[in-house]
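> Got a structure for you, questions after.
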Amino acid sequence: MTDTADDRPNSAGSGLSVQEGDLTSQRQLSDEELLAQLADTVRKEKALVDRWTASGDCFIISGSGKVHLPTCSSVSAVVDRQAAWAPFLDDLDRVRAWHGTDNEPPMPALMTRADVEELTRYSSCPECSPTLDHRDKRPSARGWTTLEAGNLNFRHFGIPFSLVEGAEIGVLTKLSRVETADGLDFAAEFDGIVDPVTDPLTEVMYRTDFGPQMS
Ligand SMILES: [Zn+2]
């Protein structure tokens with residue numbers, strides 16, 4: 001078996017499915033031959049998932065858009081390829097039904113951090129809590145502009161803001177950024193809340209028609 005493109009991490013989810021020609025011939029394979037072929041597939045998929053996991057830059061997104069660490073129990077059924085394949089290995093007719101859509105277990109959707117942050121929408125799993133830029137990232141509601149508090153500037157003074165969850169926090173009144181030995185000391189004060197926003201990654205939004213006047 002040569003080292004083909006199928007072994008490259010970036011072909012995750014697309015490269016490992018058996019080709020149509022193989023599928024046709026699968027119908028002629030004896031149980032033993034088919035099991036041997038599937039064992040090879042399981043081994044390759046496991047090697048691929050292991051390489052991704054070992055890279056340290058591996059996140060898994062579920063069908064509902066929730067992002068997990070590969071160690072999270074809620075994705076173990078797809079991450080553990082042996083477990084994922086077990087019901088298929090016990091039911092070779094299911095595997096042979098090659099016109100079906102459920103004759104192999106889905107691969108986990110493997111992503112790098114950069115891949116995840118490019119998504120316009122995702123949520124971080126509260127169980128494994130991967131350290132991402134957002135807990136719940138969504139496109140701005142129509143008519144609103146969203147930005148991270150760290151990107152506020154003097155042009156935003158006087159504009160009423162809300163948190164992305166919808167809570168109104170009032171007008172931006174003061175911004176301070178102090179570089180210290182421990183890092184950035186950030187505070188954005190709004191007249192509708194007592195405590196300033198101190199995490200520059202906090203997302204805030206304003207109605208686009210209230211936005212900074214560029215004239
Ligand atoms: Zn999780």
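The values are calculated or read from the model by the stated rules, or taken from the named source; none is laboratory data. Keep in mind the model is a prediction, meaning the values are calculated, not measured. Neighbour counts run over all protein chains shown; Cβ positions are idealised from the backbone, glycine included.
> From (1) modelled with pLDDT of 95 or more; (2) within 24 Å of the chain's Cα centre (by Cα), pick out the condition that doesn't hold for Ala12.
(1)
> Counting only residues that are part of a helix (DSSP H, G or I) and free of Cβ contacts under 8 Å to residues at least 24 places away in the same chain, which one in segment 56-77 is farthest from the ligand (Cβ to nearest atom)?
Step one: filter segment 56-77 for residues part of a helix (DSSP H, G or I), giving 73-77.
Imposing the further condition that a residue be free of Cβ contacts under 8 Å to residues at least 24 places away in the same chain reduces the set to 76-77.
Values: Ser76: 10, Ala77: 12 Å.
Restricting to residues being part of a helix (DSSP H, G or I) and free of Cβ contacts under 8 Å to residues at least 24 places away in the same chain, the top hit is Ala77.
> Please tell me if Ser162 is at pLDDT 90 or above and over 32 Å from the mean Cα position of the chain (by Cα).
Numbers: at pLDDT 90 or above: yes; over 32 Å from the mean Cα position of the chain (by Cα): no.
Criteria not met by Ser162.
> Would you check if there is a residue in segment 99-112 being among the β-branched types (Val, Ile, Thr) and in a helix (DSSP H, G or I)?
Initially, segment 99-112 is screened for residues among the β-branched types (Val, Ile, Thr), giving 101, 112.
Of the ones still in play, those that are also in a helix (DSSP H, G or I) are none.
The answer is no, given that none of the residues of segment 99-112 is among the β-branched types (Val, Ile, Thr) and in a helix (DSSP H, G or I).
> Can you find, within segment 164-173, the residue that is nearest to the ligand (Cβ to nearest atom) among those that are in contact with a strand residue (DSSP E or B) (Cβ under 6 Å, 6 or more places away or on another chain) and closer than 29 Å to Val67 by Cα?
This residue is Val164.
For every residue, the table says whether it meets (1) away from the ligand (no atom under 12 Å from the Cβ); (2) under 30 Å from Asp31 (Cβ atoms); (3) surrounded by 15 or more Cβ atoms within 10 Å (Cβ to Cβ).
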residue: Val79; (1), (2), (3): no, yes, yes
residue: Leu89; (1), (2), (3): yes, yes, yes
residue: Val95; (1), (2), (3): yes, yes, yes
residue: Ala109; (1), (2), (3): yes, no, yes
residue: Ser124; (1), (2), (3): no, no, yes
residue: Glu127; (1), (2), (3): no, no, no
residue: Leu132; (1), (2), (3): no, no, yes
residue: Thr146; (1), (2), (3): yes, no, yes
residue: Gly158; (1), (2), (3): yes, no, no
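> Is there any pair linking a residue in segment 119-134 that is under 17 Å from Val164 (Cβ atoms) and at pLDDT below 85 to one that is basic (Lys, Arg) and near the ligand (Cβ under 8 Å from one of its atoms), with Cβ under 9 Å and at least six apart or on different chains, and which?
Close Cβ pairs (under 9 Å, with a partner that is basic (Lys, Arg) and near the ligand (Cβ under 8 Å from one of its atoms)) do not exist here.
> Sort out which residues of segment 86-115 are under 15 Å from Ala39 (Cβ atoms) and in contact with an Asp or Glu (Cβ under 8 Å, 6 or more places away or on another chain), and write them in order of number.
Passing the criteria: Phe88, Leu92, Val95.
> Additional query: Just checking, does segment 20-33 include any residue being assigned to a helix (DSSP H, G or I), more than 30 Å from Arg138 (Cβ to Cβ) and modelled with pLDDT of 95 or more? Even if it seems obvious, please write down each step before you answer.
In the first step, residues of segment 20-33 are kept if they are assigned to a helix (DSSP H, G or I); the result is 20-26, 31-33.
Narrowing further to those that are more than 30 Å from Arg138 (Cβ to Cβ): 20-26, 31-33.
If we keep only those that are modelled with pLDDT of 95 or more too, we end up with none.
Looking for residues that are assigned to a helix (DSSP H, G or I), more than 30 Å from Arg138 (Cβ to Cβ) and modelled with pLDDT of 95 or more, one finds none in segment 20-33, hence no.
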